[in-house]
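Undergrad: What follows is a structure written as structure tokens; I'll ask about it next.
The values are calculated or read from the model by the stated rules, or taken from the named source; none is laboratory data. None of the values given here were measured: they were computed from a predicted structure. Cβ placement follows ideal geometry from the backbone for every residue including glycine, while neighbour counts extend to all protein chains displayed. Accessible surface is based on the protein model in full, side chains and every heavy atom, while ligands, DNA and RNA are left aside. Shrake-Rupley method; radii C 1.70, N 1.55, O 1.52, S 1.80 Å.
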Amino acid sequence: MKEKDCIFCKIAAGEIPSATLYEDGDFRVILDLGPASKGHALIIPKEHYRNLYDIDDEKAAKILPLAKKMINKMTEVLGCDGYNLVQNNEECAGQTVFHFHMHMIPRYKGDNVGLGWHMGKLTDADKNEILEKMK
Ligand code: 5GP
Ligand code: ZN
């Protein structure tokens, strides 16, 4: 299913041109137009899913092997020192395009890519509450 007016549906379908690194029947991998670092790319399924909450399991299962293949090749090509995989779900988590995508962000020693968070401390109350509710 495609969603009308979804920019990533159009990019995935090739209706809007993109710098495509890889394509198969299920996915297109493109360079991000606003890269966090040189080589920042996105894995985009050709079918429309809003995010990880609604992608189907069969499609989701193909994403990590594809990411692995891409970062191995990209590491060779770019000479980067590491990688972050980032995948945002919903606005509060930083999602701005509401068609599932996985960011692959090459990292270079000493780069100033600002991914991270202020580390808190796991409290006993939070731990116990979550463990109880997850039973
Ligand atoms: P999100 O914030 O939703 O996780 O990430 C959306 C990403 O899509 C951003 O990194 C942004 O730079 C990228 N992006 C948005 N529009 C386009 C576009 O038209 N083409 C490409 N290649 N990337 C885009
Ligand atoms: Zn879409």
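Undergrad: Exactly one of (1) modelled with pLDDT under 95; (2) of a type in the set (Lys, Arg); (3) not in a loop (DSSP other than H, G, I, E, B) is unmet by Lys68. Its number?
TA: Looking at each condition in turn, Lys68 falls short on (1).
Undergrad: Being of a type in the set (A, V, I, L, M, F, W, C), under 30 Å from Asp111 (Cβ atoms), surrounded by 13 or more Cβ atoms within 10 Å (Cβ to Cβ) and within 11 Å of the chain's Cα centre (by Cα) is the requirement here; does Leu21 meet it? Working first, answer last.
TA: Numbers: of a type in the set (A, V, I, L, M, F, W, C): yes; under 30 Å from Asp111 (Cβ atoms): yes; surrounded by 13 or more Cβ atoms within 10 Å (Cβ to Cβ): yes; within 11 Å of the chain's Cα centre (by Cα): no.
In short, no.
Undergrad: Still on this model: Kindly evaluate Asp57 against the criterion of being charged (D, E, K, R), under 11 Å from the mean Cα position of the chain (by Cα) and either within 15 Å of ligand 1 (Cβ to nearest atom) or open to solvent by 40 Å² or more (accessible area, probe 1.4 Å) (or both).
TA: So Asp57 fails the test.
Undergrad: Take Leu64 and tell me if it is open to solvent by 40 Å² or more (accessible area, probe 1.4 Å) and either within 15 Å of ligand 1 (Cβ to nearest atom) or aliphatic (A, V, I, L, M) (or both).
TA: yes
Undergrad: For the range 26-34, state whether one or more residues are modelled with pLDDT of 95 or more, surrounded by fewer than 17 Cβ atoms within 10 Å (Cβ to Cβ), within 13 Å of ligand 2 (Cβ to nearest atom) and of a type in the set (Lys, Arg).
TA: No, the range 26-34 has no match at all.
Undergrad: Somewhere in the range 68-82, is a residue closer than 30 Å to Glu3 by Cβ, touching a residue at least 24 places away in the same chain (Cβ under 8 Å) and among the acidic types (Asp, Glu)?
TA: Checked the range 68-82: no residue is closer than 30 Å to Glu3 by Cβ, touching a residue at least 24 places away in the same chain (Cβ under 8 Å) and among the acidic types (Asp, Glu).
Undergrad: Here's another thing I want to ask about it. Could you say which residue among Ile43, Ile11 is more than 11 Å from ligand 1 (Cβ to nearest atom), of a type in the set (A, V, I, L, M) and crowded, with 18+ Cβ neighbours inside 10 Å?
TA: Ile43
Undergrad: Any residue in the range 109-119 that is exposed (fewer than 12 other Cβ atoms within 10 Å of the Cβ), part of a loop (DSSP other than H, G, I, E, B) and among the polar types (S, T, N, Q)?
TA: Yes, the range 109-119 contains a residue that is exposed (fewer than 12 other Cβ atoms within 10 Å of the Cβ), part of a loop (DSSP other than H, G, I, E, B) and among the polar types (S, T, N, Q).
Undergrad: Taking interchain pairs and intrachain pairs at least six residues apart, which have beta carbon atoms under 6 angstrom, with the first residue in the range 5-26 and touching a residue at least 40 places away in the same chain (Cβ under 8 Å) and the second near ligand 1 (Cβ under 10 Å from one of its atoms) and in a loop (DSSP other than H, G, I, E, B)?
TA: Between residues of the range 5-26 that are touching a residue at least 40 places away in the same chain (Cβ under 8 Å) and residues that are near ligand 1 (Cβ under 10 Å from one of its atoms) and in a loop (DSSP other than H, G, I, E, B), the close pairs are Cys6/His99; Phe8/Val97; Phe8/His99.
Undergrad: Right, another one. In the range 14-28, which residues are part of a loop (DSSP other than H, G, I, E, B) and more than 10 Å from ligand 1 (Cβ to nearest atom)?
TA: Selection gives Gly14, Glu15, Asp24, Gly25, Asp26.
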